1. Setting aside same-chain residues fewer than 8 positions from residue 100, which lysines have a Cα under 19 Å from its Cα?
2. If you stretched the chain out fully between residue 44 and residue 96, how much longer would it get, using 0.36 nm times the residue separation minus the C-alpha to C-alpha distance?
3. What relative contact order, as a whole-number percentage, does the chain give when Cα pairs under 8 Å and 6 or more residues apart are counted?
4. For the chain, what does the helix formula give at 222 nm: sum of -39500 (n - 2.57) over DSSP H segments with n ≥ 4, over the residue count, nearest 500 deg cm²/dmol?
5. Sequence neighbours fewer than 8 away in the same chain don't count; with that in mind, list the aspartates and glutamates whose C-alpha is under 17 Å from residue 135.
6. Go through 55-64, 172-181 and give me the packing order, highest mean Cβ count within 10 Å leading.
7. Using DSSP, restrict attention to beta bridges with both residues in the chain and report what percent are antiparallel, rounded to the nearest 5.
8. Hey, can you grab everything whose amide H is under 5 Å from the amide H of residue 96? Only 5+ residues off in sequence or another chain; H modelled, so Pro and N-termini drop out.
Amino acid sequence: MTSPEFAGLDVSGRVRARDIQMAGVADVRRRVLMISGAIDTSDHDVSVTVNLPEPGRWQVIKSETNLTDQTWVAMQVVMDDESTFVNDPETLVMSRQFSKSFMTPDQRRLTFYGGEVRPGEAVLKVYEMETSGRKPAYSYSRYSPIATDSLEQSQQTLEELVQDGMARRPMVEVIVPVTVIG
């Protein structure tokens, strides 16, 4: 079935048809925040704002599907000025798809690497954050190797990105609605 053409109603250049909202659930008793969604852009970072029921320490379990046409070999999370990652022996920092993680000494940047997330696959990340506000914001960046780079060039670039951080790109902003339980 074809749709009729209407002059002035073509929004294909302005609207991303594959937009998928992220949604969250906060278990106040267990202090667990679960977020799921998808990322459908390769040329933008994703800025996520979460509406928490209260500030403090939260374990974050985040799953998102790669709807791009690129394989991600690293993911970086950068916290806002009111939030930090928790880095102590009892804290679980892991990803099912990535075998390694690197956290900066100021505990504001966390990079997962040593694996890959192919198009159509979901990535699972687990970490804890401490926030003094009810609306923490953080940004996600992904790294995909450049097709023309050699394996050695890609590995060198990845090592530099893990150590120095990924360059900021234009942002897509997402406000995650959170259902409160517990």
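1. Result set, ordered by chain and number: 62, 125.
2. 16.4 nm
3. Values: 397 pairs, mean separation 60.1, N = 182.
After rounding, I find 33 percent.
4. -2500 deg cm²/dmol
5. 27, 54, 80, 81, 82, 173
6. Going by the mean number of other Cβ atoms within 10 Å, highest first, we get 55-64, 172-181.
7. Working: 41 of 59 bridges.
So the antiparallel bridges amount to about 70 percent of the total.
8. Correct list: 124.
Every number here is computed from the coordinates shown, using simple stated rules; none is lab data. Remember, predicted model here, so these are calculated numbers, not experimental data. Positions of Cβ are backbone-derived with ideal geometry, glycine not excepted, and every protein chain shown enters the neighbour counts.
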